[in-house]
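Everything on this sheet refers to the single structure shown next.
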Amino acid sequence: MQKETKRDKAKFLFDPGDRKLILAHIGFSFFAIFAGAIAGLLQGLQRTGFIELPASIGYYQLLTVHGVMMALIFTTFFIIGYLYSGVARTLGGSLPSGARTTAWTGYYLMVAGTVLATIEILTNDASVLYTFYAPLQADPLFYIGMALVVVGSWLSGFAIFAAYAKWRRANKGQPSPLFAYMAVATMVLWQICTIGVAIEVVFQLIPWSLGWIDKINVELSRTLFWYFGHPLVYFWLLPAYIFWYVNVPKIVGGKIFSDSLPRLTFVLFILYSIPVGFHHQLMEPGISSFWKFLQVVLTMIVVIPSLMTAFSMMATFELAGREKGATGLFGFFRKLPFRDARFFAAFAGMVIFIPAGAGGVINASYQLDQVVHNTLWITGHFHLTVASTVALTFFAITYSLFPALTGRRITPFINKLGIWHTIIWVLGMAFMSIPMHIVGLFGEPRRTAYTTYMDHPVVQTWEPYRKLIGIGSGLLFIGVLLFLFIALYMWFAAPRTEQLDEFPIGEVHDTGHRPPPILERWGVWIALTLILTLIAYTVPVMHIINHAPESAGVRSW
C-alpha cells in the first residue's frame, strides 16, 4: 500500500503520458551515447597507437558511428526530451493531447531513421563521417534514415509550438513562462537551420546515391551542410543555457536575475548563429573572401549573447550568495552548492566554456584558421564545446530531472558518485582535448587514422601527446559508463520517496518590469533571420551553382 502511494505521488509531478514521452526520448539517447562511446574509445586508442583494429572494423567506420551517435542522435533525443519536460511543467502541467500525438509520431520517425542509418554504418556502407561530406558516397538508405531523423525532429518542434500557442491563446497579453519561451526559440532555430541539410539530403545526396544523377556539386553540398552545421552547435548549447538560466538559480537557492535578458539572448542567437556557416569553409575555394568576411563578422557578434549569459549567471550567483550572508568581493562563491552534483556538473561546464569559446574565436578568424583548420586543434575545440560544456550540463539535467520523473530520490551515495563522475569527465577531457590543441598547433591533421608518416622527425614530437589523448579517451569512456550507471540506478533502483523535490524551475526576481511584448513577436524575428540569411547566402550560392565543379561518388573505404 505504501509503494502505491509513492507511485501515485511520482505520477503527480508529470502527467503519465508526458512522463513516458520524456523517458522514451532520454532513454533512447542513453543507447546512443553508449554506442558512440564504444566507437570513440576504439577510434581514440587506434589513433594514438594503443591498439590495432581488426581488419573487419574500419577507423572511418568508427569515426562515423561516434560522430552520428554523439553529435546527432544523443543530443537530439536528449534535448527534445528535456524541452518537453519544461514545456509540460510550465504551460499548464501537461502537453495537449494533440501535441503529444505529434510528439510520439516524431519520436517513432526518429527511432526508425536512427536504426536504418545505424545498420548502414555497421555494414560499412556509410563511412562518410557525420558531416555527409561529398564526394564520399554512402548507401541511399543511410541518407534516407537521416532524413527521417530530421523530419521526426520537425514534428517534435511542432508539438512544442502547439503547446505554446494553446497557452498564449488562454493567457492573452501575458508573457509566456521563461522555460517555454526558450524551448520555442531553440526549436525555431532548429527548424530554420535544418532546412539546409534537408535540401542537401533530399535533392542532392539521395538522388546521387541512387544513381539518378551521375555527379554532385560538392561545394554546394558542403555549403548546405554548414548552413546547418554551425547552428547545430547552438542547438546543443541553448538547452544548456536554459538549464543555467532557469534551473540552476533554483538549485543554488536564488532567483533568476532577469526575465527579459535571457529572452533577448535567445533571440540574438537565432539572428546571428544561422547565417555564419562559411566560417567552417574559410579554407575552401569557390567562395568569395567578401562573403566569408561577412559571415565571420556575424560569427563574432554571436559572442555578445554568450557574454550576456555569463553576466546573468554571475549576477544570479552573487544575489543568491548575498541573500545567504556572503560578504566581500567574491564571498558569494563560498555559498554555492559545489557538493550538489546537479550544480557541480553544470558549473564545470560553464567554466570549460571559457576556453572553448576563446577557441571558437580563433577558429572563426580568417588568418588564424589557416594555421589550425585541418588539424587536431579543431577536434580538441569541438570536444571542449559539445563533449564538455554541453555534455556536463546534460548530466546535470539528468540528475535534476530524474527524481521528478521516476519518484526516486538522489541518495547521498549517488550524489557523491555524480561529483566523482564530473571530476573524471573533466580530467578525461583535459587529458584528451589539451594535447589535441597542442599537436594541432604542431600540425597533426584531423580526420585521418593513425600514421607514423615513415617516422618523420616532426611526427616524433607528437608522440607524447598522443599517449595522453589515448589515456583521456579511456577516462571519458569510464565517465560514460559511470553516468549510465547513475542514470539507470536513479531510473529503476533508487529508493522511492514521498518527499519528492519539484523539477527545479526558478522564479524571477520581482523587479516590476515585464519583458517587452516585441520579444514574443516570433514572426518579426523569423523574418529578420531569413533576411540576414538571404543576404549572407544568396549571391555566393548562386555563384556556386553556376561555377562549382561536380564530382562522381567516391568510396574510399
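Need the full-extension length gain, Phe492 to Asp455, defined as separation in residues times 0.36 nm minus the C-alpha distance. One decimal, nm. Display every interim value, and only then the final one.
Working: separation 37, 0.36 × 37 = 13.32 nm, distance 5.18 nm.
Here the segment from Phe492 to Asp455 would lengthen by 8.1 nm.
So if we plug the beta-carbon distance of Phe290 and Ala165 into 1/(1 + (r/R0)^6) with R0 = 35 Å, what FRET efficiency do we get, rounded to 0.05?
FRET efficiency, Phe290 to Ala165: 0.30.
Calculate the tail of P(r) for the chain: the fraction of all Cα-Cα distances greater than 37 Å, expressed in %.
That fraction is 29 percent.
With r as the distance between the Cβ atoms of Ile57 and Leu530 and R0 = 45 Å, compute the FRET efficiency 1/(1 + (r/R0)^6) and round to 0.05.
Numbers: r = 44 Å, r/R0 = 0.98.
Computed FRET efficiency for Leu530 and Ile57 comes out at 0.55.
Quick check on my link table: of Lys166/Lys255; Lys20/Lys172; Lys255/Lys324; Lys250/Lys324, which ones sit more than 21 Å apart, alpha carbon to alpha carbon? Let's see the in-between values first.
Working: Lys166/Lys255 27 Å; Lys20/Lys172 30 Å; Lys255/Lys324 13 Å; Lys250/Lys324 14 Å.
Beyond 21 Å: Lys166/Lys255; Lys20/Lys172.
Taking 7 Å along the Cα-to-C-beta vector as the label spot, tell me the Gln191-Thr411 distance in nanometres, rounded to one decimal.
Inter-label distance under the simple model: 4.5 nm.
Hey, with R₀ at 30 Å, roughly what FRET efficiency would Leu484 and Thr448 work out to, going by the Cβ-Cβ distance, to 0.05?
0.50
What is the gain in length, in nm to one decimal, between Leu264 and Ala112 on full extension, counting 0.36 nm per residue of separation less the C-alpha to C-alpha distance?
Answer, rounded to one decimal: 51.1 nm.
So what's segment 244-384 giving for Cα Rg divided by 2.2 N^0.38 Å, two decimals?
Cα Rg divided by the expected 2.2 N^0.38 Å: 1.27.
For segment 154-240, run through the chymotrypsin sites (Phe, Trp or Tyr not before Pro) and keep only the ones in DSSP coil with at most 14 other Cβ atoms within 10 Å of their Cβ.
Those that pass, being in a loop and sparsely packed, are Trp212.
Select from Ala162, Ala404, Ile121 the residue farthest towards the positive end of the dipole of segment 2-551; place +1 on Cβ of Lys and Arg, -1 on Cβ of Asp and Glu, and compute about the Cα centre.
Ala404
Over the Cα atoms of segment 129-220, how large are the radius of gyration and the largest Cα-Cα distance (Dmax), in Å?
When restricted to Cα atoms, segment 129-220 yields Rg and Dmax of 17.8, 56 Å.
Along the charge dipole of the chain, pointing to its positive end and built from +1/-1 on Cβ of Lys, Arg, Asp and Glu, which listed residue (Leu482, Leu136, His547) has its Cα farthest out?
The Cα lying farthest towards the positive end belongs to Leu482.
I'd like the chymotrypsin sites (Phe, Trp or Tyr not before Pro) in segment 304-352 restricted to DSSP loop residues with at most 16 other Cβ atoms within 10 Å, sorted by number.
Phe330, Phe338
Per residue and in Å³, how big is the convex hull formed by the alpha-carbon atoms of segment 447-504?
Roughly 148 Å³ of hull volume per residue.
Just to be sure I follow the definition: excluding the sites themselves, where is the longest run in the chain that has none of the GluC sites (Glu not before Pro) in a DSSP loop with at most 15 other Cβ atoms within 10 Å? Numbers along the way, then the final one.
On the way: sites that count: Glu52, Glu498, Glu502, Glu507.
Result for the longest clean stretch: 53-497.
In the chain, which helices (entire DSSP H runs) extend 24 Å or more along their own long axis, judged by Cα positions, while averaging at least -1.0 on the Kyte-Doolittle scale?
On the way: long enough: 16-47 (46 Å, 0.82); 97-122 (37 Å, 0.80); 140-170 (46 Å, 1.05); 178-199 (32 Å, 1.93); 218-242 (36 Å, 0.80); 303-323 (30 Å, 0.79); 341-363 (32 Å, 1.50); 412-442 (45 Å, 1.33); 463-492 (44 Å, 1.48); 522-547 (37 Å, 1.49).
For the chain, where a helix must reach 24 Å along its axis and average at least -1.0, the hits are 16-47, 97-122, 140-170, 178-199, 218-242, 303-323, 341-363, 412-442, 463-492, 522-547.
Measure of size requested: the Rg and Dmax of segment 351-423, with Cα atoms as the atom set and Å as the unit; please supply both.
Using the Cα atoms of segment 351-423, the pair Rg, Dmax is 17.2, 54 Å.
All of the numbers you see were taken from the coordinates with simple rules; none came from a lab. Here the structure is a predicted model, which means the values were calculated and not measured. We place every Cβ from the backbone using ideal geometry, glycine too, and count neighbours over all the protein chains shown.
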